[in-house]
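Some notes on the structure that comes next.
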Amino acid sequence: MSSPFARHIDKTAIQTLPLTCFEGEVIIVDEPGKVQEAVEYLNQFTVLGVDTEARPSFKRGVHYPTALVQVATLERCYLFRLTHVGMPKELAEIFANPTICKVGLAFKDDLNGLRRRRDFKPANCVDLQSIVCKYGIMDLGLQKIFAIIFGKKISKAQQLTNWENSHLTPEQAKYASTDAWATLSIYLELQKTKPLSRKEVEALKQAEREAQILRQQQALAEREALIEQS
């Protein structure tokens, strides 16, 4: 059995793809009174896409708390501004609910950031980076995985903006909702495809390791050649 998906896609190829984004309803939760309605809606679903944002740090060792958590369905995305409402108990309960699958990317870091706001025991939280290899995809970045599966590009232009600003810009809201929606879309699409066998996955991983060693050897040979020429 072979995977219908490419193992890799390079940045140059991604730039040629059509741009897409979340086109559903975006609701910003920036007051405690808005939390209950959001949670009631999200509790109706069995699978949710999740992402988080924090103020970017440009100094080594300096980290800022999670400022925003995005929770998406295919039609609607809620942006919980934790700098305004904290980590609501009702939202933490969604992350601890074993009957609702939460899908993220590099999810452990996101969950740890949320748990520093309010501790909870995560349940049924799926990290895309831990499952895409089962479908033959070796790239681990959200933009690359999305491009491989859907043949479209999602923007990362707002990634390093300040998520603690008093108001989110329309561009920030669009970017944030797109990332959560993209994780959900990827997961749902993968569920339509039969995963590779364990043997096939191990063979792919071995091929990746060998290719990496070869690249390292080639880079070393090129450096040595330059040194000799100088």
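The values are calculated or read from the model by the stated rules, or taken from the named source; none is laboratory data. The model shown is predicted, which means the values in this text are computed figures rather than measured ones. Quick reminder, even Gly has a Cβ in these numbers, built from the backbone with ideal geometry, and neighbours come from all protein chains shown.
How many residues, within region 40-76, are touching a residue at least 40 places away in the same chain (Cβ under 8 Å) and more than 19 Å from Asp110 (Cα to Cα)? Steps first, answer last, please.
First pass over region 40-76, keeping only residues touching a residue at least 40 places away in the same chain (Cβ under 8 Å): 42-43, 45-56, 64-76.
Keeping just the survivors that are more than 19 Å from Asp110 (Cα to Cα) gives 43, 45-46, 74-76.
Here the count works out to 6.
Suppose we filter region 131-173 for residues that are at pLDDT below 95, of a type outside the set (D, E, K, R) and more than 20 Å from Asp10 (Cα to Cα); how many remain?
13
For Leu204, indicate whether it is surrounded by 14 or more Cβ atoms within 10 Å (Cβ to Cβ) and not in a helix (DSSP H, G or I).
Working: surrounded by 14 or more Cβ atoms within 10 Å (Cβ to Cβ): yes; not in a helix (DSSP H, G or I): no.
So Leu204 does not fit the description; no.
Across region 118-168, what is the number of residues that are in a loop (DSSP other than H, G, I, E, B) and β-branched (Val, Ile, Thr)?
Going through region 118-168 one residue at a time, the tally reaches 3.
At least 2 residues that are of a type in the set (D, E, K, R) in each: list the helices (runs of 4 or more DSSP H) lying fully within region 32-101 that qualify.
Those helices (runs of 4 or more DSSP H) span 35-42, 89-95.
Within region 55-67, identify whether any single residue is touching a helix residue (DSSP H, G or I) at 6+ places or on another chain (Cβ under 6 Å), surrounded by 14 or more Cβ atoms within 10 Å (Cβ to Cβ) and within 27 Å of Ser166 (Cα to Cα), and answer yes or no.
yes
Return the only residue of Ala106, Ala72 being under 19 Å from the mean Cα position of the chain (by Cα) and at pLDDT below 95.
Ala106 is the lone residue from the list that is under 19 Å from the mean Cα position of the chain (by Cα) and at pLDDT below 95.
State whether the residues of region 15-29 include one that is at pLDDT below 95, over 19 Å from Leu128 (Cβ atoms) and in a helix (DSSP H, G or I).
So far as region 15-29 goes, yes, one or more of its residues are at pLDDT below 95, over 19 Å from Leu128 (Cβ atoms) and in a helix (DSSP H, G or I).
Within region 25-46, which residues are more than 14 Å from Gly86 (Cα to Cα) and either polar (S, T, N, Q) or touching a helix residue (DSSP H, G or I) at 6+ places or on another chain (Cβ under 7 Å) (or both)? Outline the logic, then answer.
First, the residues of region 25-46 that are more than 14 Å from Gly86 (Cα to Cα): 25-27, 37-46.
The answer is Val26, Ile27, Val39, Leu42, Asn43, Gln44, Thr46.
Of these, Ala207, Ala180, which one is of a type in the set (Gly, Ala, Ser) and assigned by TED's automatic domain parsing to the domain that holds Ala67? I'd like the intermediate steps shown before the answer.
Numbers: Ala207 fails: assigned by TED's automatic domain parsing to the domain that holds Ala67.
Sole residue among the options that is of a type in the set (Gly, Ala, Ser) and assigned by TED's automatic domain parsing to the domain that holds Ala67: Ala180.
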